[in-house]
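The values are calculated or read from the model by the stated rules, or taken from the named source; none is laboratory data. Note that the structure is predicted; figures quoted are calculated from it, not measured. Cβ placement follows ideal geometry from the backbone for every residue including glycine, while neighbour counts extend to all protein chains displayed.
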Amino acid sequence: MPGVPLADYLAVASALFAVGVIGFLLRRNPITMLMAIELMWNAGNLAFAAFARTFVDFSGQIFVFIVVTVAAAEAAIALAIVVMVFRRRRDVDVDEISELRG
Amino acid sequence: MMALFWICTAILILTAIGVVASRHPVHSVIALIVNFSALAVMFLMLNAEFLAMIQIIIYAGAILVLFLFVITLLTIGTGPVESGPSRLAFQAVPSIVSGIVALALLASGVRTASAAAPPEAPADFGLVGSFGMQLLTTHLFAFEVTGFVLLIAVLGVVLMAARKELRF
């Protein structure tokens, strides 16, 4: 059973990453923007796993594990920030949140 | 193998576009769950059984439930977030252009990647046992740091989201 070559996995990961970039820049709902960030994390994870398989090396898979952990921490903290912003101003449109502008 | 790969690719791309394009965040979360499940199948094809499991349990389970809870709590009795016109004029054009530029940059790198089938992996590659052995011996320091990162995240979230009287 021949495996799928590395280049194909990397192409899929690139496409996923590009969709994540567009979503992050295009949307104004912070929750949807966070989901676009998750898409980009996962594109990176797919590339790591593909490299680990190609070079038959566990380090890539360990890195995916670390990335998943950091992504969980990031999602928790970012959602807590969104909740706090919503408590302050009943509105979470990122274009309207400009209190930190100098 | 190839057919499964392309089916998964189609699901991944379509649901990713669904995440980005749908107006309601709950629909985005549903699309993201399907996306993560297809990615778990990809991990299985890459001999990464343990990663496929944590993809389902941590991502599709824990993180997306967190998203759903926040969406549920925030959108009670409020209108849609992106109702008015954007403050940034012509936001769509530079966004899509930069996405295409990112794709072109990545594709130029992918072009140089190997197009040959990967070598045969050992039988225990990516299984939970050998993964855990690697994680707790060779990569022990990274594992410990991961625990510390999670501790900091928990402390930060509790400090931010706790009520005022709990704050110190």
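Pull up segment B:51-77, narrow it to residues that are in contact (Cβ under 8 Å) with a residue 40 or more places away in the chain and more than 7 Å from chain A (Cβ to nearest Cβ), then point me to the one that is surrounded by the most Cβ atoms within 10 Å (Cβ to Cβ).
So, considering only residues that are in contact (Cβ under 8 Å) with a residue 40 or more places away in the chain and more than 7 Å from chain A (Cβ to nearest Cβ), the one surrounded by the most Cβ atoms within 10 Å (Cβ to Cβ) is B:75.
Rundown of residues vs (1) in a helix (DSSP H, G or I); (2) buried (at least 22 other Cβ atoms within 10 Å of the Cβ), yes/no style:
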{"position": "A:47", "(1), (2)": "yes, yes"}
{"position": "A:56", "(1), (2)": "no, no"}
{"position": "A:61", "(1), (2)": "yes, yes"}
{"position": "A:69", "(1), (2)": "yes, no"}
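Within segment A:34-50, can one find any residue that is at pLDDT 90 or above, within 7 Å of chain B (Cβ to nearest Cβ) and more than 28 Å from residue B:70 (Cβ to Cβ)?
Of all residues in segment A:34-50, those at pLDDT 90 or above come to A:34-50.
This time we only want the ones that are within 7 Å of chain B (Cβ to nearest Cβ), so: A:35-36, A:38-39, A:42, A:46, A:49-50.
Among the residues that remain, those that are also more than 28 Å from residue B:70 (Cβ to Cβ) are: A:49-50.
Yes, that holds for at least one residue.
Does segment B:21-33 contain any residue that is more than 9 Å from chain A (Cβ to nearest Cβ) and polar (S, T, N, Q)?
No - not one qualifying residue is present in segment B:21-33.
Just to be sure before I move on: is residue A:93 loosely packed, with under 15 Cβ neighbours inside 10 Å, acidic (Asp, Glu) and either out of contact with any helix residue (DSSP H, G or I) (no Cβ under 6 Å at 6 or more places or on another chain) or within 7 Å of chain B (Cβ to nearest Cβ) (or both) in the structure I sent? Explain how you work it out, then say what you get.
Details: loosely packed, with under 15 Cβ neighbours inside 10 Å: no; acidic (Asp, Glu): yes; either out of contact with any helix residue (DSSP H, G or I) (no Cβ under 6 Å at 6 or more places or on another chain) or within 7 Å of chain B (Cβ to nearest Cβ) (or both): yes.
Criteria not met by residue A:93.
Which members of segment A:9-43 meet the condition of being touching a Ser or Thr at 6+ places or on another chain (Cβ under 8 Å) and within 19 Å of residue A:61 (Cα to Cα)?
If the condition is that a residue be touching a Ser or Thr at 6+ places or on another chain (Cβ under 8 Å) and within 19 Å of residue A:61 (Cα to Cα), then A:12, A:43 are the ones that fit.
For residue B:97, all conditions in the list (1) more than 7 Å from every other protein chain (Cβ to nearest Cβ); (2) more than 29 Å from residue A:25 (Cβ to Cβ); (3) in a helix (DSSP H, G or I) hold save one; what is the number of the exception?
(2)
If a residue has to be in a loop (DSSP other than H, G, I, E, B), farther than 28 Å from residue B:118 by Cα and in contact (Cβ under 8 Å) with a residue 40 or more places away in the chain to count, how many in segment B:1-34 make the cut?
Taking segment B:1-34 as the starting set, the residues that turn out to be in a loop (DSSP other than H, G, I, E, B) are B:1, B:22-24.
Pick out the ones that are also farther than 28 Å from residue B:118 by Cα and you get B:22-24.
Adding the requirement that they be in contact (Cβ under 8 Å) with a residue 40 or more places away in the chain leaves B:23-24.
Going through segment B:1-34 one residue at a time, the tally reaches 2.
Please enumerate the residues belonging to segment B:125-159 that are β-branched (Val, Ile, Thr) and at the interface with chain A (Cβ under 7 Å from one of its Cβ atoms). Steps first, answer last, please.
First, pick out the residues of segment B:125-159 that are β-branched (Val, Ile, Thr): B:128, B:137-138, B:145-146, B:149, B:152, B:154, B:157-158.
Result: B:146, B:149, B:157.
Looking at segment B:110-121, I want the residues that are touching a residue at least 60 places away in the same chain (Cβ under 8 Å) and have a partner that is of a type in the set (S, T, N, Q) with Cβ atoms under 9 Å, at least 6 apart or on another chain. Which pairs are those?
Once the first residue is touching a residue at least 60 places away in the same chain (Cβ under 8 Å) and sits in segment B:110-121, its partners that are of a type in the set (S, T, N, Q) give B:121/B:47.
Against the condition among the charged types (D, E, K, R), out of contact with any Pro (no Cβ under 8 Å at 6 or more places or on another chain) and modelled with pLDDT of 90 or more, how does residue B:120 come out, does it pass? Walk me through how you get there before you give the answer.
Working: among the charged types (D, E, K, R): yes; out of contact with any Pro (no Cβ under 8 Å at 6 or more places or on another chain): yes; modelled with pLDDT of 90 or more: no.
Criteria not met by residue B:120.
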